[in-house]
1. All but one of (1) over 24 Å from Leu89 (Cα atoms); (2) open to solvent by 60 Å² or more (accessible area, probe 1.4 Å); (3) modelled with pLDDT under 65 hold for Gly7; state the number of the condition that does not hold.
2. Among what's in region 58-99 and is part of a strand (DSSP E or B) and among the aliphatic types (A, V, I, L, M), pick the residue that is most open to solvent (accessible area, probe 1.4 Å).
3. Among all residue pairs at least 6 apart or on different chains, which show Cβ distances below 6 Å where the first residue, located in region 91-117, is over 23 Å from Gly71 (Cα atoms) and modelled with pLDDT of 90 or more and the second is among the charged types (D, E, K, R) and open to solvent by 80 Å² or more (accessible area, probe 1.4 Å)?
4. Open to solvent by 80 Å² or more (accessible area, probe 1.4 Å) and either modelled with pLDDT under 95 or out of contact with any strand residue (DSSP E or B) (no Cβ under 6 Å at 6 or more places or on another chain) (or both): is that true of Lys45 in this structure?
5. So how many residues does region 100-117 have that are more than 19 Å from Ile85 (Cα to Cα) and either surrounded by 12 or more Cβ atoms within 10 Å (Cβ to Cβ) or of a type in the set (D, E, K, R) (or both)?
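The values are calculated or read from the model by the stated rules, or taken from the named source; none is laboratory data. Here the structure is a predicted model, which is why all the values come from computation and not from measurement. Positions of Cβ are backbone-derived with ideal geometry, glycine not excepted, and every protein chain shown enters the neighbour counts. Heavy atoms of the whole protein, side chains included, go into the accessibility calculation; ligands, DNA and RNA do not. Shrake-Rupley method; radii C 1.70, N 1.55, O 1.52, S 1.80 Å.
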Amino acid sequence: MKLKLLGALTLATALLVGCATSEVEYDSTKRSPTTQLDFFRDAQKPSRPYKEVALLTDDGALNEQGAIEAGIIKKAKRMGGDAVIFHPLVKSGGELKGFSWVDNYCYKATVVVYVDK
């Protein structure tokens, strides 16, 4: 009985937490900001050798995708990234806005630097 309750509480917590705005840095090396980035989506990866330096995430509705991705790009440039790999969207829950239910999605992007510069 205790195990079922613990499992239910864990599941409920995971559903409530969703995908909050966060930044996970793999490499804390200080780099100069960049002005241009290469962009890749889903299964695409850079053809050049690269190193992953950070994972950026945010949570929002589909109609917020442009603003969320622009924020990720801005942060990646400040970090000195050479490219951003956007991961496929994952539904993270939803919320009541006005009189309708809006699905929320987890936006994830890996910031990379090229190692053959």
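1. Failing condition for Gly7: (2).
2. Within region 58-99, the first condition is being part of a strand (DSSP E or B), and the residues that meet it are 58-60, 83-86, 90-97.
Remaining after also requiring among the aliphatic types (A, V, I, L, M): 83-85, 90, 96.
Values: Ala83: 0, Val84: 0, Ile85: 7, Val90: 86, Leu96: 121 Å².
For region 58-99, the residue satisfying everything is Leu96.
3. From region 91-117, the pairs are Val115/Lys51.
4. Yes.
5. Counting residues in region 100-117 that are more than 19 Å from Ile85 (Cα to Cα) and either surrounded by 12 or more Cβ atoms within 10 Å (Cβ to Cβ) or of a type in the set (D, E, K, R) (or both) gives 3.
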